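Asks: Take a look at this one; I'll ask things after.
Coordinate-derived values only; no laboratory data. Because the structure is predicted, anything quoted here is derived from the model rather than measured. Glycine also receives a Cβ, built like all others from the backbone with ideal geometry; neighbour counts cover every protein chain displayed.
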Amino acid sequence: MSRKAYRPRREDFRYSYTVGTRWADHDSYGHVQNIVYYSFFDSAISHFLVGQGTLDIGNSPVIGLIVESSCTFLSPITFPDDVTVGLRITHLGNSSARYELGVFRNDEDEACALGYVVYVYVDRSSNAPVAIPRLIRDELLRLVD
């Protein structure tokens with residue numbers, strides 16, 4: 001299968017988060033290490049939630065825990081690139097959300113990586129799944145594709 005089969009564009013995403021690569025992200029093969037992409041994903045989702053007032057990292061009674069994630073690498077990013085992570089939700093269930101993320105290098109319009117992260121929302125004290133609270137759901141609906 002060709003890796004060019006599906007390369008989303010920036011405008012396919014409802015929210016974006018931009019960060020610069022760091023020297024420490026770069027490996028001896030000349031590109032940003034794979035694990036760093038997952039850090040980009042986590043940061044983009046967390047920045048959205050905190051920015052919308054739906055996540056107080058130390059005190060929210062309901063939090064999202066990652067239960068599944070994946071990343072398809074389409075073309076490399078390097079140091080000192082700027083990275084924009086596009087964010088959208090492709091499934092919003094009763095207690096879960098599937099975030100899809102596109103990673104864009106510098107000013108390129110096509111994604112250089114595409115990933116997803118599934119969150120299950122749980123009660124912080126018991127870790128038991130709970131229905132996504134209305135305040136959080138309302139903000140997540142803004143990202144539904």
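Asks: Sort out for me the Cα centre separation of region 118-137 from region 43-59, rounded to whole Å.
Replies: Answer, in whole Å: 14.
Asks: Tell me the label-point distance for the pair R22, F79, using the 7 Å Cα-to-Cβ offset, in nm and rounded to one decimal.
Replies: 1.0 nm
Asks: I need the chymotrypsin sites (Phe, Trp or Tyr not before Pro) found in region 1-82, filtered to DSSP loop residues with at most 15 other beta carbons within 10 Å of theirs.
Replies: Y6, Y29
Asks: Would you please name the GluC sites (Glu not before Pro) within region 56-145 that are DSSP coil residues with at most 16 other C-beta atoms within 10 Å of their C-beta?
Replies: Sparse-neighbourhood loop GluC sites (Glu not before Pro): E108.
Asks: Among R10, R134, which comes first, second and so on when ranked by fewest other beta-carbon atoms within 10 Å?
Replies: Ascending number of Cβ neighbours within 10 Å: R134, R10.
Asks: Taking the chain as the reference, fit the longest principal axis to its C-alpha atoms, fit the long axis of helix 34-51 to the helix C-alpha atoms, and give the angle between the two in degrees, 0 to 90, nearest 10.
Replies: Long axis of 34-51 versus the principal axis of the chain: about 40 degrees.
Asks: Using amide H atoms built 1.01 Å from N in the peptide plane, name the residues 5+ places from T72, or on other chains, whose amide H lies under 5 Å from its own.
Replies: Amide H neighbours of T72: L114, G115.
Asks: Another question, if that's okay. Over region 10-141, what relative contact order in percent results from Cα pairs under 8 Å that are six or more residues apart?
Replies: Relative contact order comes out at 29 percent.
Asks: Something else: In deg cm²/dmol, rounded to 500, what helix-only [θ] at 222 nm does the chain give when every DSSP H run of at least 4 residues adds -39500 (n - 2.57) and the total is split over its residues?
Replies: One gets -5500 deg cm²/dmol as the mean residue ellipticity at 222 nm.
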